[in-house]
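Any read-out appearing in this document is the output of simple, stated calculations on the displayed coordinates, not a laboratory observation. Worth saying up front: this structure is predicted, and the values here are computed from it rather than measured. Note that each Cβ is placed from the backbone with ideal geometry, even for glycine, and that neighbours are counted across all protein chains shown.
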Amino acid sequence: MKNILIHGLGQNNQSFNGTKEYLKKRGMDTICPNLFEITENDSKNYQAMYHAFSDFCNNQKEKLNLCGLSLGGVLALDYVKEYPQKVNSIILIGTPYKIPKLLFKIQGAIFHIMPKKAFEKMGCSKKEFITFVNSMSNLNIAKDLEKIECKSLIVCGEKDNANKKSAKQLKDTIKNSEFKVISNSSHEVNIDNPKELSCVIYDFWKDNK
């Protein structure tokens, strides 16, 4: 089984370093691609990233355990819908049930005034990042969720008030899914409390080999 961690928007592959280290200490190896770096297409929009991510997953010879935060969760959902035979389980952390369009507009205004250096750590330019965010505005995340049959875990940070409703909607829509709250954490659970997150991931993957 191949275990893949998928970082969120505004993060990079290093955002899961703490979680990876805790999992490694317990004998569980993981990989975490940098999403913008594997998206080589000049037009870095959501569809280009999804195609790059799906190619990355399809190149893995084993079945997959996918764990995605926010954007990473959206990519995991799209992948399991298209390639259910490749996925053993999914973990969705702070993942939206629907795109929050008003929040996206507010964030877009903030992104325009942020310095270019703030985007470099993600592996993209400021222009590419803003283009990418705009490309997500019409995604239909909720479509076909009821068809997902693999083992699924919905995770939300204790203080992530913006995504608690989405977590409940995902739990109610995805069949036989479980739900966990991570203490002392907001949206970026992998940064706020990587130790507890690693325990939740380890237990879920261990029980669903």
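For a paramagnetic label modelled at 7 Å from the Cα of Lys206 toward its Cβ, which residues of the stretch 1-29 fall within the zone defined by backbone nitrogen distances under 20 Å? Correct set: 1-5, 18-29.
State which entries of Lys25/Lys195; Lys44/Lys98; Lys2/Lys171; Lys81/Lys175 exceed 18 angstrom in Cα-Cα distance in the structure shown.
Lys44/Lys98; Lys2/Lys171
Rounded to the nearest whole Hz, the Karplus-based 3J(HN,Hα) values (6.51 cos²θ - 1.76 cosθ + 1.60, θ = phi - 60°) of the stretch 59-66 follow the sequence 6, 7, 6, 9, 5, 10, 9, 10, with x at glycine and proline. Taken as entire DSSP H runs, the helices of the chain that both span 15 Å or more between Cα atoms along their own long axis and average -1.0 or more on the Kyte-Doolittle scale are 46-58, 71-82, 101-113, 194-207. Note on Arg26 and Lys195: the model spin-label points, each 7 Å out from Cα along the C-beta direction, lie 1.3 nm apart.
For the peptides 71-80, 133-142, 188-197, residues were scored by their other Cβ atoms within 10 Å and the scores averaged per peptide; the highest-first order is 71-80, 188-197, 133-142.
Remark: relative contact order (the stretch 68-209) = 26 percent; criterion is Cα-Cα distance under 8 angstrom and separation of 6 or more residues. Between Ala48 and Ala118, the FRET efficiency estimated from the beta carbon spacing at R0 = 25 angstrom works out to 0.70. Only helices enter the 222 nm calculation for the chain: every DSSP H run of n ≥ 4 contributes -39,500 (n - 2.57), and dividing by all residues gives -12500 deg cm²/dmol, rounded to 500.
Within the shell of other residues whose beta carbon sits under 13 angstrom from the beta carbon of Val181, the net charge comes to 0, with Lys and Arg scored +1 and Asp and Glu -1.
What does the charge count near Phe119 come to, summing +1 for each Lys or Arg and -1 for each Asp or Glu among other residues with Cβ under 14 Å from its Cβ? In short, +3. A cut-off under 14 angstrom between Cβ atoms defines the neighbours of Thr30, and their net charge, with Lys, Arg +1 and Asp, Glu -1, is +3.
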